[in-house]
Amino acid sequence: MGNVDKHKEILKNLGVGESIQKEILDYCENKFNVIEYKPGPIEDEPFVATWRSIINDIHGGNINEVMNSRLPHGDEDIKLKSPEKVSIEVYNSIAGNIPVIYAKDEEDFYEIIKKLIYKGRPAPNLEKTGASFAYGKTNRFIVLSNKPYSNIPASKLGLEDEQWRNYSIIIRREHECTHYFTKRFLGSSQNNLHDELIADFTGIMCAVAEFKAKWFLAGMGIDMYPEKQEVGRFPVYTSKLSEQAADFMKKIIIKTANNIEEWSKQESVKQMDRNERVIFLCSKSILDLYMLY
């Protein structure tokens, strides 16, 4: 039985009617081009040297002054409330070296987004944002807050607030870098549950050394399924699906996430490096991963 037949069998067993089957099969089609990916050293993109120079300048002076003098920010200057809580590094990510700005004060995070990314123009849904990737032609960088990831309260996960905020920074950083990796090297980065699962997997693995399906599903707002939950990212990634198809996708992604948690605990998986794990997950569709266990 080929993969397509196996996938149809899964959907049939879930009670998915034929009209919805095609919708789900199209949605779950693997978009990543893993076959042509060649692992190896990643050369720095030209903008990285500029950011290294900016970081060197900061070591000798005020971060606020350096950001205003070295980075395009629109008509109004950046005014940081807590500059001591803002830092910049060139981070060695899964996608190569990328500049990352960390802003632990929420107001400073919003200020940096508004000025560096939107250049003073209105920034939509800013209060819901915890990270932003500036993806320009000649300059790319990530801005991170330490807001609780996906607005999940620490208490929901049985964690202390500060510990969860520290994990949240790591999860967000790796999440954004994983999207960058798939876009840069595998030819795809989309608003799809497959992309989100892989990006969250990488973030959670880097934060706590194993994948926790509950954290991912809580972020999606479906950890209590079939109980209805008002918050979560799930609707963002299934907005083009019919209501029936989206409901079946909840069942599919819940089992898939739990399968990946089980997979992440295997000794052979723990010995893989970050890129190898991501490549494996990108080489399988959601329905393939649903069949993992």
Practice problem: Give the relative contact order (percent, whole number) for the chain; include only Cα pairs under 8 Å separated by 6+ residues. | Solution: 18
Quiz prompt | Neighbour-count ranking [beta-carbon atoms within 10 angstrom, fewest first] of LEU292, LEU159, LEU197 | solution = LEU292, LEU159, LEU197
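Could you give the size of the charge dipole of the chain about its Cα centre, using +1 on the Cβ of each K and R and -1 on the Cβ of each D and E, expressed in debye and rounded to the nearest 20?
Details: 39 positive and 43 negative charges, 69 e Å.
For the chain, the charge dipole is close to 340 debye.
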Quiz prompt | Leading residue at positive end of dipole, region 42-147 (Cβ point charges), from ILE58, SER82, LEU144 | solution = LEU144
Quiz item: Quick one: if the Förster radius is 45 Å, what FRET efficiency do MET224 and TYR118 give, using the C-beta to C-beta distance and rounding to 0.05?
Solution: 0.80
Exercise. Among MET291, ILE198, PHE211, flag the residue with its Cα farthest along the positive direction of the charge dipole of region 167-293, charges on Cβ as +1 for Lys/Arg and -1 for Asp/Glu.
Key: ILE198
Quiz prompt | Projected label distance in nm at LYS6 and HIS59, using a 7 Å step from Cα toward the beta-carbon | solution = 5.2
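Given Cα positions, please report Rg to Rh for region 42-147, the hydrodynamic radius being the Kirkwood one. Working shown, then result.
On the way: Rg = 13.0 Å, Rh = 14.0 Å.
Answer for region 42-147: 0.93.
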Self-check item: Two-site label geometry, GLU84 and ASP247: point separation in nm, points 7 Å out along Cα→Cβ
Solution: 5.5
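What number results when the radius of gyration of the chain, computed over Cα atoms, is divided by 2.2 N^0.38 Å? Don't skip to the end; give the middle numbers.
Working: Rg = 20.2 Å, N = 293, 2.2 N^0.38 = 19.0 Å.
Rg over 2.2 N^0.38 Å, computed on Cα atoms: 1.06.
Just subtract the alpha-carbon distance of GLU45 and GLN163 from 0.36 nm times their residue separation and send over the number in nm, one decimal.
Values: separation 118, 0.36 × 118 = 42.48 nm, distance 3.34 nm.
My answer for the length gained is 39.1 nm.
Among MET224, MET291, MET205, which comes first, second and so on when ranked by fewest other beta-carbon atoms within 10 Å? Display every interim value, and only then the final one.
Details: MET224 11, MET291 16, MET205 23.
Starting with the residue having the fewest Cβ neighbours, the order is MET224, MET291, MET205.
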Quiz prompt | Neighbour-count order for PHE280, PHE248, PHE181, fewest beta carbons within 10 angstrom listed first | solution = PHE280, PHE248, PHE181
Quiz item: Which pairs break 23 Å Cα to Cα here: LYS31/LYS265; LYS156/LYS251; LYS81/LYS183; LYS8/LYS251; LYS156/LYS255; LYS183/LYS265?
Solution: LYS31/LYS265; LYS81/LYS183; LYS183/LYS265
Quiz item: Anyone know which of GLU43, GLU162, GLU29 comes out most mobile in the 10 Å Cα GNM of the chain?
Solution: GLU43
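Counting Lys and Arg as +1 and Asp and Glu as -1, each charge on the Cβ, what is the dipole of region 42-147 about the Cα centre in debye, to the nearest 20? All intermediate terms of the calculation are to be shown ahead of the outcome.
On the way: 14 positive and 16 negative charges, 58 e Å.
Rounded to the nearest 20 debye, it is 280 debye.
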Quiz item: Across 10 Å bins from 0, what is the distribution of all Cα-Cα pair distances for region 186-227, in whole percents?
Solution: 27, 48, 23, 2
Exercise. Note down the magnitude of the dipole of region 1-87 about its Cα centre, charges +1 on Lys and Arg C-beta and -1 on Asp and Glu C-beta and zero elsewhere, to the nearest 20 debye.
Key: 300
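Local charge sum around MET272 (other residues, Cβ-Cβ under 13 Å, Lys/Arg +1, Asp/Glu -1)? Write out the running numbers ahead of the final one.
Working: positive: LYS265, LYS270, ARG274, ARG277; negative: GLU210, GLU267, ASP273, GLU276.
Here the count lands on 0.
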Exercise. With both partners inside the chain, how many of the DSSP beta bridges are antiparallel, as a percent to the nearest 5?
Key: 75
Quiz item: If Lys and Arg each add +1 and Asp and Glu each add -1, what is the summed charge of the other residues whose beta carbon sits under 13 Å from the beta carbon of SER82?
Solution: -2
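Throughout, read-outs are computed from the coordinates displayed, never taken from laboratory work. For clarity, every value in this text was computed on a predicted model and none was experimentally measured. So basically every Cβ, Gly included, is an ideal-geometry build from the backbone, and we count neighbours across all protein chains shown.
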